[in-house]
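The values are calculated or read from the model by the stated rules, or taken from the named source; none is laboratory data. Fair warning: this is a prediction, and the values are worked out from it, not measured in the lab. FYI the Cβ positions are ideal-geometry reconstructions off the backbone, even for glycines, and counts take in every protein chain you see.
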Amino acid sequence: MNLFRRLTVPLVAIGIVPAIVGVGVVNAGASGVSIPAAAESPALAAAVPSAIKSAGTLTVAMDATYAPDEFVASNGTTIVGMDADLADAIGQVLGLKVTLVNATFDTIIPALQSGKFTLGMSSFTDTKAREKQVNFVDYFVAGEGYYVSSNSSYHPNGLAALCGHTVSVESGTTEQSDAQAQAKACKKHKKGAVKVLSFETQSEANLAVSSGRANVGFADSQIAQYIVAQSNGQFRSSGKAFETAPYGIAVPQGTTFDKSVQGAVKALMRDGIYLKILKKWGIAAGAVTSAPINGATS
């Protein structure tokens, strides 16, 4: 699963009304969960590296096309979602302002390495390979999931079900690498070729499924469920979530700021704000009770 997002212009093309992003916000908040401001921690704020403290602002990159984790609100500019709310809360704990920047997913880690952004919060799956590039503060657990056209007779469940089919994914995601690996496995065992269609945004990946170019869409489990819920009946979920793994907040290496972020996340877990944010967006099933640094298992 992984690293992802989006739902903007291509929504119209898949039969979702233009206001769907706004509708998504309303639906996500339908539980009536309100998010209080987080209290600043003087100790954590004092431990923030001097360069970041002097700047006074966290510049947080996210690919805002991955509802309900991060997406653009109906006003066309404001980034909202679980990661957006969590980024704001982390800034409050650390006594820093937060600026959210919309960036294409696969550009975020290189931009963190170059110093362009302070943090990357975009549904990144924490993997051993990515830990060679950035540090992660883990804060959520997600699986991978499928969605298909509601009139499809295809009912995929698990990676092996991709054999003989065309799958649509967002570029740079864990789903892309898993689908490509499965394509090799299917070929090796002569189970039917897998065609992997990769797109820059999740919206384009959705369009490939709705247009019939792909048999199935492949995304993080809660993202796939949200896509289905917002599709006005055009899509349905298929199979059970699988390949669960942690999401991590990406932090540049060579700094102690990962410890500051970890402390802030733990503080939000203790005071209940973390869980309130997940409940607001309907994804509390992915909640965790600790925030390890670089907790990937594979």
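Some values worked out for this structure:
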| read-out | value |
| --- | --- |
| Selected residue (criterion: surrounded by the most Cβ atoms within 10 Å (Cβ to Cβ)) from residues of region 248-258 that are closer than 19 Å to THR127 by Cα and in contact with a helix residue (DSSP H, G or I) (Cβ under 9 Å, 6 or more places away or on another chain) | GLY248 |
| Which listed residue is in a helix (DSSP H, G or I), modelled with pLDDT of 95 or more and closer than 21 Å to SER50 by Cβ, from GLY263, GLY254 | GLY263 |
| Flag if PHE140 is touching a strand residue (DSSP E or B) at 6+ places or on another chain (Cβ under 6 Å) and in a strand (DSSP E or B) | yes |
| Pair list, Cβ < 6 Å and 6+ apart or interchain, from region 241-255 residues that are more than 12 Å from GLU175 (Cα to Cα) and in contact (Cβ under 8 Å) with a residue 24 or more places away in the chain to residues that are among the acidic types (Asp, Glu) and crowded, with 24+ Cβ neighbours inside 10 Å | PRO246/ASP126; GLY248/ASP126 |
| Selected residue [under 14 Å from GLU170 (Cβ atoms) and either in contact (Cβ under 8 Å) with a residue 40 or more places away in the chain or surrounded by fewer than 20 Cβ atoms within 10 Å (Cβ to Cβ) (or both)] from ASN232, ASN206 | ASN206 |
| Which listed residue is in contact with a Gly (Cβ under 6 Å, 6 or more places away or on another chain), within 22 Å of ALA84 (Cβ to Cβ) and of a type in the set (S, T, N, Q), from GLN230, GLN234, GLN262, GLN225 | GLN230 |
| Residue under evaluation ALA284, criteria (1) among the aliphatic types (A, V, I, L, M); (2) surrounded by fewer than 22 Cβ atoms within 10 Å (Cβ to Cβ); (3) in contact (Cβ under 8 Å) with a residue 12 or more places away in the chain, criterion not met | (3) |
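Residue by residue, here is whether (1) farther than 16 Å from PHE71 by Cα; (2) in contact with a strand residue (DSSP E or B) (Cβ under 8 Å, 6 or more places away or on another chain); (3) at pLDDT 95 or above holds:
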{"position": "LEU197", "(1), (2), (3)": "yes, yes, yes"}
{"position": "SER203", "(1), (2), (3)": "no, yes, no"}
{"position": "VAL209", "(1), (2), (3)": "yes, yes, yes"}
{"position": "ALA229", "(1), (2), (3)": "no, no, no"}
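Table: residues versus (1) out of contact with any Ser or Thr (no Cβ under 8 Å at 6 or more places or on another chain); (2) over 28 Å from ILE35 (Cα atoms); (3) free of Cβ contacts under 8 Å to residues at least 60 places away in the same chain.
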site: SER74; (1), (2), (3): yes, no, yes
site: ALA84; (1), (2), (3): yes, no, yes
site: GLN92; (1), (2), (3): yes, no, yes
site: PHE105; (1), (2), (3): no, no, no
site: ARG130; (1), (2), (3): yes, yes, no
site: VAL134; (1), (2), (3): yes, yes, no
site: VAL141; (1), (2), (3): no, no, no
